[in-house]
Amino acid sequence: MMRAKNIVFIGFMGCGKSTLARALAKDLDFVFLCSDFLIEEKFNQKISEIFAEKGEEFFREQERKMADFFCSCSGACIATGGGFINVSNLKKMGFCIYLKASFEYLKRRLNENELSKRPLFRDEIKAKKLYNERLSKYEQKADFVLNVENKSIKELLDAVKKVIK
Ligand code: S3P
């Protein structure tokens, strides 16, 4: 397979998209891009503040702008937010890897501090509902599904490198 222009990580909150995208970028000497981080930097506000002050729809609009920008990039490992899969041009961005894990596993991974950064994970019942609604979307949009449960970064990195070669 010819190497895609970018490697894009998708999946629910807490699955390790930015950790793995950063590790892969270092390994391949690619650029590391993170949608949430770039949006935070633009407004000089945390995601939770953007949600509280400007609302979710404003944030989704920023994600769509970020998606257009990512389509114009190459040589990047891209970490997306959990809801980023709703942009229309995901497929044009590069090779999409879905980091899959059960809701229980993801919940266990997120400590108080990590939960406080994620407005849509504060209510566990709502988060579980969102997880169930998104499951099939992640699968549909992915070029490759990687089960991340109980795997080390090294194991995940090796698995990713095999499929993108
Ligand atoms: C969201 C996930 C978050 C962040 C925002 C909304 C979502 O990113 O983009 O809080 O809709 O699932 P992570 O997946 O990195 O937590």
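Where a number appears in this text, it was derived from the coordinates with a stated rule and is not lab data. Just so it is clear, the structure is predicted and the values come from calculations on it, not from any experiment. Glycine gets a Cβ as well: all are built from the backbone with ideal geometry, and neighbour counts include every protein chain shown.
List of remarks:
- Other-chain or far-sequence residues with amide H under 5 Å of Asn147's (modelled H): Lys100
- Cα gyration tensor, the chain - rounded (a/c under 1.5), prolate or oblate: oblate
- Inter-label distance for Val163 and Asp68, nm, one decimal - labels placed 7 Å from Cα along Cα-to-Cβ: 3.0
- Sequence-ordered 3J(HN,Hα) estimates for the stretch 62-69 from the Karplus curve with 6.51, -1.76 and 1.60 and θ = phi - 60° stand at 5, 5, 5, 5, 5, 4, 4, 4 Hz, glycine and proline given as x.
- Charge dipole (debye, nearest 20) of the chain; +1 at Cβ of Lys and Arg, -1 at Cβ of Asp and Glu: 460
- Phi angles across the stretch 8-15 convert, under the Karplus curve 6.51 cos²θ - 1.76 cosθ + 1.60 with θ = phi - 60°, into 3J(HN,Hα) values of 10, 9, 10, x, 6, 3, x, 7 Hz, Gly and Pro given as x.
- Computed extension gain for Lys128 through Arg108, at 0.36 nm per residue and net of the alpha carbon distance, reaches 5.9 nm.
- Lysines with Cα under 26 Å of Lys162, excluding same-chain neighbours fewer than 8 positions away: Lys5, Lys17, Lys26, Lys91, Lys92, Lys100, Lys137, Lys141, Lys151, Lys154
- Sequence-ordered 3J(HN,Hα) estimates for the stretch 142-153 from the Karplus curve with 6.51, -1.76 and 1.60 and θ = phi - 60° stand at 7, 8, 8, 10, 10, 7, 9, 4, 6, 10, 7, 4 Hz, glycine and proline given as x.
- In the chain, the DSSP-assigned H stretches of four residues or longer account for a calculated mean residue ellipticity at 222 nm of -16000 deg cm²/dmol, using -39500 (n - 2.57) per stretch and the full residue count as denominator.
- Averaged over residues, the count of other Cβ atoms within 10 Å places the peptides 18-31, 112-125 in the sequence 18-31, 112-125, highest first.
- Other residues within the sphere of radius under 11 Å centred on the Cβ of Glu63, judged by their own Cβ, net out at -2 (K and R +1, D and E -1).
- Taking the stretch 1-133 and dividing mean pair separation by its residue count, relative contact order in percent (alpha carbons under 8 Å, at least six apart): 41
- For the stretch 38-114, relative contact order (Cα pairs under 8 Å, six or more residues apart, normalised by length) works out to 23 percent.
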